[in-house]
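What follows is one structure encoded as structure tokens, with my remarks underneath.
Every number here is computed from the coordinates shown, using simple stated rules; none is lab data. What you see is a predicted model; the values in this text were computed from it and never measured. Cβ sites come from the backbone with ideal geometry, for glycine too, and all protein chains shown count toward neighbours.
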Amino acid sequence: MLFSDRPRTHYEKTLAHEVICQLRFPTILSINNVEPADFQERIREDFPQYARKQDVLPPQIVNGKPEPQPPVTNYHFLSQDGRWKLNLTKDFIALSTLSYPGWEEFARMLDKPLAAFIQLYKPAYFQRVGLRYLNIVSRTTLDLEDVSWRELFTPAYLGPMAEADLSEDRVVNCACDTQFKLEALAEADVDGDRLLSGGVDTQLKLDSSCTAKIHAGIGRLKTNIPNAPQDPEVKFIFDMDLSMGGNTACGLAAAALETLHGHSSRVFEGAITDRLRDAMGR
């Protein structure tokens, strides 16, 4: 079962390492050229820290030759405690956090900046509404050191590790990349004629403007700190990148995000077992 019909569950321990919401819109050149002072005034109470950075884009190949691209101005607004970051460019607005407190608080932190952006810049529509959950499972943190991944995740997201005769200590790296098109998710399982490709890399077509790209697998986390030792613990990464394509009216952006959040809950619940739910404190 890839999708769960379970009601939404609040857990004492969250697996979300980082949560990102991004809304892309048709390019507004004035954002790149003029500092957003009016926008800052609207959000400064929640995001008092400000920085302006230039993002370097990779070269574009034209007639077989790489051509450099002009840098994109990226405005950073941070909360006082540094837990929340808001980004604004000529193409998107995004909110992210490394300390996810739950959907209700996340939506509350997005509400004022999104409303201010729509009112001040008047985008025609949103080309893509995205919501990403990067979940990291540490068996040490959850007191599950002696529990196999097969007891924590459903076989669809384990690949070869779902086989009982495969010892974990012989697996150096294993990941499953999955892409779904999401509709109302009335169908809990996937029919054979909707399976575009099989094996570890899987694509499922479910006839909707909503899409979920999922990366699931084990690995050791890397750090950006120079000369820092590698994390000795093997963790399970469950990365859900959900999006709604097409042209979403500005007034429907919040509803689109609620829809994506509902999909994320059902995908997540369909991926984990009761053993992991108990360890998270349901």
Sorted by Cβ density within 10 Å, fewest first, the residues 8, 266: 8, 266
Under-5 Å amide H pairs with residue 234, H placed in peptide plane, nonlocal only: none
Integer Hz, Karplus 6.51/-1.76/1.60 couplings in order for the range 18-35, x for Gly and Pro: 8, 10, 10, 10, 9, 10, 9, 9, x, 3, 10, 4, 4, 5, 6, 9, 10, 4
Magnitude of the charge dipole, the range 27-122, Cβ model with Lys/Arg +1 and Asp/Glu -1, debye to 20: 200 debye
Subset of 53/85; 85/112; 13/235; 85/235 violating a 20 Å alpha-carbon distance limit: 85/235
Ascending count of other beta-carbon atoms within 10 Å, so fewest first, for 84, 103: 103, 84
Options 116, 50, 102, ranked by Cα towards positive dipole end of the range 27-122, top entry (Cβ charges): 50
Contour excess over end-to-end distance, with Cα ends at residue 247 and residue 13 and 0.36 nm allotted per residue: 80.6 nm
Backbone HN-Hα couplings from phi across the range 121-134 [Karplus 6.51/-1.76/1.60, Hz, Gly and Pro as x]: 9, 6, x, 5, 5, 9, 6, 8, 10, x, 9, 10, 10, 9
